[in-house]
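Here the structure comes first, spelled out in structure tokens, and everything after it is commentary.
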Amino acid sequence: MPTSPLMPQRRKLLGGAMLSLGGLLALANTATPASAQGRRMSHAAQDAELLNAAIALEHEGIAAYQIAAESGLLAPPVLQVGIRFQGHHNQHRDELIAGVRRLGGTPVAAQTNAEYATAIGAASLRTQADVLQLALRLERGATNAYLGLVPPLHNADMENLVARLAADEAYHVAVLANALQQEIPVAGMMFG
Amino acid sequence: MSWTQLSLTKAAMIACLFAFAGGSAQAQTATASAVGDAARGAALYERRCTSCHALDVNRIGPLHRGVVGRRAGAVPGFNYSPALARSGLVWTEANLNRWLSGPPRLVPGTRMGLSVPVPAERADIIAYLRAQGAAPR
């Protein structure tokens, strides 16, 4: 705990010693966690790290649609929708990769489809409805994840990019929920 | 003692009082995390965390079972950012609370950006994580 070594110092100050502005600043400084000390990161480098998690999310989504397409569980029209959505995710991945490069970062590579199959629990898929439920869950998660990325990003172009990605994922959610004949939610503020 | 010196001392005293108030607020947050509601936490976890995490398998983020009390960056087979891997943190409930308030503030250079701004929700999520027990061997 970084606060405990501070306590005696605070007592002494209360004991009557004068505290300069510099002293106050030093006090504020010591309050930063040890792990954050001396590790300055440029905004661009920090943004690139955060976008890398988004690239990883897109890699997983692309693999999920591939696994679904090869499962033999989907009727032809549903398969067509899945392939269309996978195309969107390919485009998302490419936009994010370009963004990370512009920020001077190194985009993360995809893992194998076998690894993704384990990660998403593909072994338990038995029916087309199972596949649609999984897709819905992943797309809903992606929408929420992108909304959660807006506040910590520093670069306005990247904020705009992740907001647009969130909108695409929300579109996917709506189509999938409709295919599963789910009710339209009664309350708004459906994501985030 | 001049007037400016006097008011500076006053300012310092007030600042100290605030610092103490801050300290006790922090203590309250730590207590709050001890009384978080695991059932509410489960629903929040599903909505906010499962896009990237699962309890028993590494995904975008590392697996979570047993995270309370674990060293940061310690799940085998997960590719952590150098920043988190070298953070030296242990996931005490207090540190989880700080992490979920803003991961890049606690660990600059981390790849996790999502934060949970509401203290009670952080407490619920931490209660849920604690209730998930230790990792299977």
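The values are calculated or read from the model by the stated rules, or taken from the named source; none is laboratory data. This is a predicted model, so every value here is computed, not measured. We place every Cβ from the backbone using ideal geometry, glycine too, and count neighbours over all the protein chains shown. Please note that ligands, DNA and RNA were not included when accessible areas were found on the heavy atoms of the full protein model with its side chains. Shrake-Rupley method; radii C 1.70, N 1.55, O 1.52, S 1.80 Å.
How much accessible area per residue does the range B:89-137 have, in Å², with a 1.4 Å probe?
Accessible area per residue: 41 Å².
Taking the Cα atoms of the range A:60-192, what is the range of coordinates along each of the three principal axes, in descending order and whole Å?
Projected onto its principal axes, the Cα set of the range A:60-192 covers 43, 39, 23 Å.
Quick one: net charge around A:N160, please, counting Lys, Arg +1 and Asp, Glu -1 for every other residue with C-beta under 14 Å from its C-beta.
Overall, the nearby charge balance is -3.
Interface A/B, total buried accessible area with a 1.4 Å probe, nearest 100 Å²?
Buried area (both sides, nearest 100 Å²): 3100 Å².
I'd like the accessible area for A:I120: 1.4 Å probe, protein heavy atoms, all chains in place, Å² to the nearest 10.
Looks like 20 Å² after rounding.
Send over a whole-number figure in Å² for the accessible area per residue of the range A:75-192, probe 1.4 Å.
57
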